[in-house]
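The structure under discussion appears below in the form of structure tokens.
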Amino acid sequence: MEDDAVLWDEVDEIHGAINEAARIDAEIEASTGSPTDRSLADIWQNKGRWSFTAAMTFALSIARDLPDTSLRDISAWEGGDDWFCREGFGHLIACTAQGLPIKLATPVTEIKSLTDGVQITTATGKIKARTVVVTVSVGVLAEDIIHFDPPLESDRRSALELITMGDYNHAGLLFRPGALPVQPDTWLTYHLEPDANGIARGGGFLCNISNTGLTSFESSGSFSRQLQDAGPESAIEHALETLVGFFGTAVRKAFIKGHASAWRNEPYVRGSYAGASPGGHDKRAVLCKSHAERVHFAGEATHTSQQCSVSGAHLEGLRAAEDVLAQLR
């Protein structure tokens, strides 16, 4: 389709503009010594009908609104292919960890550094260890759900104000097979214009996933949070009504059931994943530093180029493990 080609041309153009602006900001910072980092909203230009929709695709990737997105952080981001697991992603992780001595339903409330190790207080008792790797989200860290003794350093606290959890949610809609007149795994978006605050009130659909009749609506930033706050039925109805606008009322008749995620409400996550506000692009390196020598940190928030991804979290876990082994040696 002609509009499809125009949209992806706009996406490529904005991607180039992001990288060029990030390069210029890095050069200014290097020559002046003054931190320089703009927002995605600062370089987006309304050049055509699909310009804002194209910019929105980058906001979807990092769960934030354009004005709250660091140019240099998104420029460093390395995207990749996303694949689905029929049995569910949790099952995939469980299989990966099979055989490891994992204890669930044991929330940690305090990590105290000792002269020869750490003492970890949990809901079921205390554990002593030579070292510990903390992989909770920056949302959990920022809200002091875990108490650290000694307290976290001021530079890490400052980093937690700039690397924050975003909002990214899915509304999954199950239809009878053949309900949507598109090929399996078609990604569908539509024309969007910014509201008065420069916010995109829409998202995108991955339709008929693996030819199962399942369609997923993805939203991010303020709009995603508004849908979440209104309750799961609101997110499901918004997605369903949008599809009815595309394909007609027959879609509603073929609808079986739906489910909407609400990551901001998950007590052990407090958001979707960690994005950088303007000025926070270099704070991921602060977050991955060890604390009081024996407390190590890992997770997608500490990776500088694969943030917002499972692969980034996995790689940072391996990095933290190597740090622990080096310390114990």
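The values are calculated or read from the model by the stated rules, or taken from the named source; none is laboratory data. The model shown is predicted, which means the values in this text are computed figures rather than measured ones. A quick note on method: Cβ atoms are made from the backbone with ideal geometry, for glycine too, and the neighbour counts reach across all protein chains shown. The accessibility values were calculated without ligands, DNA or RNA, using every heavy atom of the protein model including side chains. Shrake-Rupley method; radii C 1.70, N 1.55, O 1.52, S 1.80 Å.
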Checklist outcome for this item: For the chain, the accessible surface attributable to carbon and sulfur atoms (probe 1.4 angstrom, ligands and nucleic acids excluded) amounts in percent to 54
Item to check | Spatially proximal lysines relative to LYS112 (Cα-Cα < 16 Å; intrachain offsets below 8 disregarded) | outcome: LYS126, LYS128
Checklist outcome for this item: Taking the alpha-carbon centre of each part, the distance from segment 66-95 to segment 297-316 in Å is 9
Checklist outcome for this item: Rounded to one decimal in nm, the spacing of the 7 Å Cα→Cβ label points at GLU153 and SER234 is 4.2
Item to check | Gain on full stretching of the segment that runs from THR115 to ALA196 - 0.36 nm per residue minus C-alpha separation | outcome: 23.7 nm
Item to check | Paramagnetic label zone (point 7 Å from Cα along Cα-to-C-beta, LEU328; backbone N under 19 Å) in segment 90-104 | outcome: 97-103
Item to check | Of the GluC sites (Glu not before Pro) in segment 18-127, those whose Cβ has at most 13 other Cβ within 10 Å and which sit in DSSP loop | outcome: GLU78, GLU87
Next on the checklist: Based on alpha-carbon centroids, what's the gap between segment 235-296 and segment 140-161 in Å, whole number please?
Outcome noted: 23
Next on the checklist: Let me check against my output: what whole-number percent is the relative contact order of segment 186-307, with C-alpha pairs under 8 Å and at least 6 apart?
Outcome noted: 12
Item to check | Paramagnetic reach from ILE43 in segment 266-285 [backbone N under 16 Å; point 7 Å along Cα→Cβ] | outcome: 276-282
Item to check | Under 13 Å from the THR124 label point (7 Å along Cα→beta-carbon), backbone N, segment 71-109 | outcome: 101-108
Checklist outcome for this item: Residues other than SER113 with Cβ under 9 Å of its Cβ, Lys/Arg counted +1 and Asp/Glu -1, net out at 0
Item to check | Rg(Cα)/(2.2 N^0.38 Å) for segment 1-143, N = residue count | outcome: 1.53
Item to check | About the Cα centre, charge dipole magnitude for segment 196-329 (Lys/Arg +1, Asp/Glu -1 at Cβ), debye | outcome: 20
Checklist entry - If you roll a 1.4 Å probe over the heavy atoms of the protein chains, what accessible area per residue do you get for segment 235-325, in Å²? => result 46
Checklist outcome for this item: Compactness summary of the chain: radius of gyration and Dmax from Cα atoms, Å, are 21.6, 68
Next on the checklist: Taking loop as defined by DSSP and a crowding limit of 13 other beta carbons within 10 Å, which chymotrypsin sites (Phe, Trp or Tyr not before Pro) in segment 247-329 fit?
Outcome noted: TYR268
